Amino acid sequence: MNRLLHHVLYLILHVASSSQYGTETIETLMPNVKVVKVDLKIFTETQVPLLCGDSYQDTEVIWMKDSERAGQGNQIKVKVEEMMGANYSCHNAAGDYLNHTLVLVQDIPSPNRTRRVLEKSHDTDEDEYIRCLAKNYNGTFHCFWKKTKYRTSAVVALVQVGQFSGRNFSCSIHSDGAGLTCEDLDSCSFAEEVSRIDLTVYFRSNYLLEDYTVTPFYIREIVKTDKIHITKVDGNTFQWEYPDTWSLPRSYYPLTFQVKVVHARESCDSETQVLLKETKDTKLTVVHSSKKYRFCLRAKDELVDCPWCQWTDFEVKHKHKKH
């Protein structure tokens, strides 16, 4: 009885999923790449139409799926079950390659869908998987992500940026596959941004496709200077400079610096600071009775509400004078 009930339930789900997810869920991501959007929480089966090419109407066409024959004719339909996408190639009667279509599967968007490729950022309450930062206002920004341990071989299949803002970008994937860099080809650092940057990154893991969209942003919202370099330490007096990567002139792009002094064994993130001060100067003398302490320094754009850069620290170890 239980076996019969299970079989009936399977048939109901099978029929429902097959009728609900037809050709209307099939999209073309880019030339030679089709995406089948399905609900991966249930069993799905989709008939996907393939075309070898308009110029092969009168050609004897044979389709191959890996090393197996998948069909014959210029136009065929193949069955895709759940995440079982594939790469289909078409050949003439002599076996010569003519064309191919890569079929990928993507989970339909829903509030509770499972993300399989990227890990969610742990240091934010937002639904953030990709974090973007800019070192200055020259129009270049960098984005970073972390893959889950089960999908470390996933690769970027497509980057869409500036689709809605009308801005022209050139992007490249980092060699380690854990980020990208995009450059605004029409950027002018002195011009006011009039539109936010939209960014969507598509990842492919085997035949699974996932897309991650970053909340649209202005460069000024993600700008974060490089770490500050302390150039000179003389007793309790510290000197530093603007990062070489920061925008020029400094009078137009001023930085404000935050100085924190903590006990020598504490980190710069410690909340038990001895001194916490903001300054526009690049030199400061610490008045502190202890011979050992940690000097911490970071910076941010003075005129814009943006994140602080990473801390730069220097551990002070003054020797006691002998009487």
Within the under-10-Å Cβ sphere about Y218, not counting Y218, Lys/Arg +1 and Asp/Glu -1 give a net charge of -1
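Regarding the range 79-132, what is the average projected area of its C-alpha convex hull, in nm²? The partial results should precede the final answer.
On the way: hull surface 26.3 nm².
Mean orientational projected area (the range 79-132, Cα hull): 6.6 nm².
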M30 versus E241: modelled label distance in nm, points set 7 Å from Cα along the beta carbon direction
4.1 nm
Quick one: accessible area per residue over the chain, 1.4 Å probe, rounded to a whole number of Å²?
59 Å²
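Could you tell me the number of lysine pairs in the range 33-107 with C-alpha atoms less than 18 Å from each other, where the two lysines are 8 or more residues apart or belong to different chains?
On the way: K34/K65; K34/K77; K34/K79; K37/K77; K37/K79; K65/K77; K65/K79.
Within the range 33-107, the lysine pair count is 7.
Under a Cβ-Cβ cut-off of 11 Å, what is the net charge of the residues other than Y150 that fall near it, where Lys and Arg count +1 and Asp and Glu count -1?
On the way: positive: R116, K147, K149, R151; negative: E119.
The answer is +3.
So how do V304, V286 rank on accessible area, 1.4 Å probe, biggest first, that is with the largest at the start?
On the way: V304 35, V286 5 Å².
Ranked list, largest accessible area first: V304, V286.
Tell me the relative contact order for the chain as a rounded percent, counting alpha carbon contacts under 8 Å between residues six or more apart.
Working: 650 pairs, mean separation 36.2, N = 323.
In percent, rounded to a whole number, it is 11.
Give me the percent relative contact order of the range 230-317, please, defined on Cα pairs under 8 angstrom at least 6 residues apart. Walk me through the numbers before you get to the answer.
Values: 154 pairs, mean separation 26.8, N = 88.
In percent, rounded to a whole number, it is 30.
Extension gain E315-Y252, at 0.36 nm per residue separation less the Cα-Cα distance, in nm? Mind dumping the intermediate values first?
Working: separation 63, 0.36 × 63 = 22.68 nm, distance 3.28 nm.
Value of the extension gain: 19.4 nm.
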Nearest-0.05 FRET efficiency for H100 and D58, computed from C-beta distance (R0 22 Å)
0.65
If each of E119 and K41 carries a label point 7 Å out from its Cα toward its Cβ, how far apart are those two points in nm?
2.6 nm
So for the pair H288, K79, with labels modelled 7 Å out along Cα→Cβ, what separation do we get in nm?
7.2 nm
Of the accessible area of the range 170-323, with the probe set at 1.4 angstrom, what percent is carbon plus sulfur?
45 percent
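Take every Cα pair under 8 Å in the range 145-217 that's 6+ residues apart, average their separations, divide by the length, and report that relative contact order as a whole percent.
Numbers: 108 pairs, mean separation 24.8, N = 73.
Relative contact order comes out at 34 percent.
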For the chain, longest principal axis from Cα atoms; helix 2-20 axis from its Cα atoms; angle between them, nearest 10 degrees, is 80 degrees
Helix-derived mean residue ellipticity, 222 nm - over the chain, DSSP H n ≥ 4, -39500 (n - 2.57), to 500
-2000 deg cm²/dmol
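Sorted by accessible area with a 1.4 angstrom probe, largest first, how do E193, E271, E68, E183 fall? Let's see the in-between values first.
Values: E193 35, E271 165, E68 125, E183 90 Å².
Largest accessible area first, the residues go E271, E68, E183, E193.
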At a probe size of 1.4 Å, how large is the accessible area of E278, to the nearest 10 Å²?
110 Å²
Set of lysines with alpha-carbon distance to K232 below 24 Å, sequence-local pairs under 8 removed:
K135, K224, K260, K277, K280, K283, K291, K292, K300, K317, K319, K321
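The values are calculated or read from the model by the stated rules, or taken from the named source; none is laboratory data. From a predicted model like this one, the values you see are computed outputs, not experimental measurements. FYI the Cβ positions are ideal-geometry reconstructions off the backbone, even for glycines, and counts take in every protein chain you see. To get the accessible areas, we keep the full protein, side chains included, count just its heavy atoms, and leave off ligands, DNA and RNA. Shrake-Rupley method; radii C 1.70, N 1.55, O 1.52, S 1.80 Å.
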